[in-house]
Amino acid sequence: KPSKPSSVSPAPDEPTDHHPSDTIINLDHGDPTMYESYWKVVGQKYTSITIPGFQSLSYFANKKNLCWFLEPKLEEEIKRLHKMVGNAIVENRHIVVGTGSSQLILAALYALSDPLNEPNPISVVSAAPYYSSYPEMTDFLRSGLFKWSGDARCFNKEGPYIEMVTYPNNPDGVIREPVVNRANGMLVHDLAYYWPQYTAITSPADHDIILFTVSKCTGHAGSRIGWALVRNENIARKMVKFIEVNTIGVSKEAQLRAANILETISLSCQRHKPRDLENFFECSQRLMAERWKKLREAVDNNELFYVPKFPIQFCNFTRDFTETYPAFAWLKCKEGMDCEKLLRGHKILTRSGRRFGSGAEYVRISMLSRDEEFDLFLQRLSAVGGDNN
Ligand code: PMP
């Protein structure tokens, strides 16, 4: 989740050519600026759209659709992309578009709570380390409908509950499954990172509520477009109602741009694609693999830090074996150390493990920054080890 850029960081859209030694590197949030380099090469030709002034005035995008504010073009491109990548089943599912998947997380919590039958707020849990926004979002408005109840592994209350299942997981990249596993549980699968650049696509996801976002798929976090694939019609209707009351729909300009971006990605993966359009997932997987290799080299030469290893699996999309290359590194320091504080002392801002329900010896570090920032980060990380060895 973005936090305000620090005063010494460059403005978000300003490329950084050089970094003086006192520049703070902000890797606290998962701002996906790494993808700019791909879009700079292909963007101008394939993804520039113009929306004339007379278009998209109405609140409505498709009155016949359950999700009446969903642009038909976006729906079509979402389906096309999932079918091509094979990461989710779209047949017989309702698609609900949201202002980022953030809005859809809250829409799902609203839709799953049942105030008529449950007088008390329903418990919301996720296995630690969990995405730090789940507790914040759940309790922000002190809703009477739902309440954050912490680490799913420690959850022992009777009654219905909602479990957030994230795979690959933010922050640690693990492929998760539900952990509470009781009959009265309801699941929300947050698959923001279930794309081929981050992990092997082993089977199409087939769950009751699945959340995706363009932010982590294509890097267009600023468009604020996410979507939910929902099996049950009533739940989908309630999610649509939430968005209706919250924002009366989702920006059409953003949806049309997102549709255009997704269309370009699908085209880039076709066998008979234009020659100057590089396969998006191949290109971004290569970037992620290079970054993880460099990070592992830096950490292997350093006694202070440890990063998790991931199994190699067959990816049905790339038709090849691949490791998981998470969007975040879940870095562990020696026991008893405050890793966030240590790195802050070296002008690297990260998010402490405590925010994810874990210990202070962990930090989450974004792997999706621009090249210059990432390289500088590695240099500084090596220097931290140097001080202490
Ligand atoms: N879920 C997870 C697991 C995430 O990491 C993020 C972004 N950090 C989101 C949801 C929200 O993404 P957005 O609102 O940008 O779609």
Listed residues Pro196, Pro121, Pro160, Pro115; which is within 30 Å of Ser284 (Cβ to Cβ) and either assigned by TED's automatic domain parsing to the domain that holds Thr218 or within 12 Å of the ligand (Cβ to nearest atom) (or both)? Pro196
Let me confirm something: among Arg364, Arg344, Arg370, Arg354, which residue is within 24 Å of Ala200 (Cβ to Cβ), assigned by TED's automatic domain parsing to the domain that holds Glu290 and among the charged types (D, E, K, R)? Arg364
Does the range 244-266 contain any residue that is hydroxyl-bearing (Ser, Thr, Tyr) and farther than 23 Å from Leu57 by Cα? yes
Inspect the range 258-266 for any residue being outside the structural domain of Glu177 (by TED's automatic domain parsing), within 16 Å of the ligand (Cβ to nearest atom) and touching a residue at least 12 places away in the same chain (Cβ under 8 Å) and give the result as yes or no. no
Strands (runs of 3 or more DSSP E) enclosed by the range 289-378 - at least 2 residues per element that are of a type in the set (Phe, Trp, Tyr) and within 16 Å of the ligand (Cβ to nearest atom): 328-332
Just to check your reading of the model, which residue among Leu70, Leu104, Leu74, Leu109 is touching a residue at least 40 places away in the same chain (Cβ under 8 Å), assigned to a loop (DSSP other than H, G, I, E, B) and touching a strand residue (DSSP E or B) at 6+ places or on another chain (Cβ under 7 Å)? Leu70
Surrounded by 16 or more Cβ atoms within 10 Å (Cβ to Cβ), of a type in the set (Gly, Ala, Ser) and closer than 30 Å to Lys309 by Cα: does that describe Ser149? yes
Quick count over the range 219-233, residues being more than 12 Å from the ligand (Cβ to nearest atom) and either surrounded by fewer than 20 Cβ atoms within 10 Å (Cβ to Cβ) or at positive phi (or both), is 3
If I filter the range 199-218 down to residues being buried (at least 24 other Cβ atoms within 10 Å of the Cβ) and of a type in the set (Val, Ile, Thr), which single residue comes out as nearest to the ligand (Cβ to nearest atom)? Thr213
What are the residues in the range 267-285 that are without any contact (Cβ under 8 Å) to a residue 60 or more places away in the chain and either touching a Ser or Thr at 6+ places or on another chain (Cβ under 6 Å) or of a type in the set (D, E, K, R) (or both), if any? Arg271, Lys273, Arg275, Asn279, Glu282
Looking for something within 21 Å of Glu36 (Cα to Cα) and among the aromatic types (Phe, Trp, Tyr) - is there at least one such residue anywhere in the range 278-288? yes
Residue satisfying all of: in the range 181-193; assigned to a loop (DSSP other than H, G, I, E, B) and crowded, with 19+ Cβ neighbours inside 10 Å; nearest to the ligand (Cβ to nearest atom) among these: Ala192
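The values are calculated or read from the model by the stated rules, or taken from the named source; none is laboratory data. Predicted model only: the values in this text are computed from it and were never measured. Note that each Cβ is placed from the backbone with ideal geometry, even for glycine, and that neighbours are counted across all protein chains shown.
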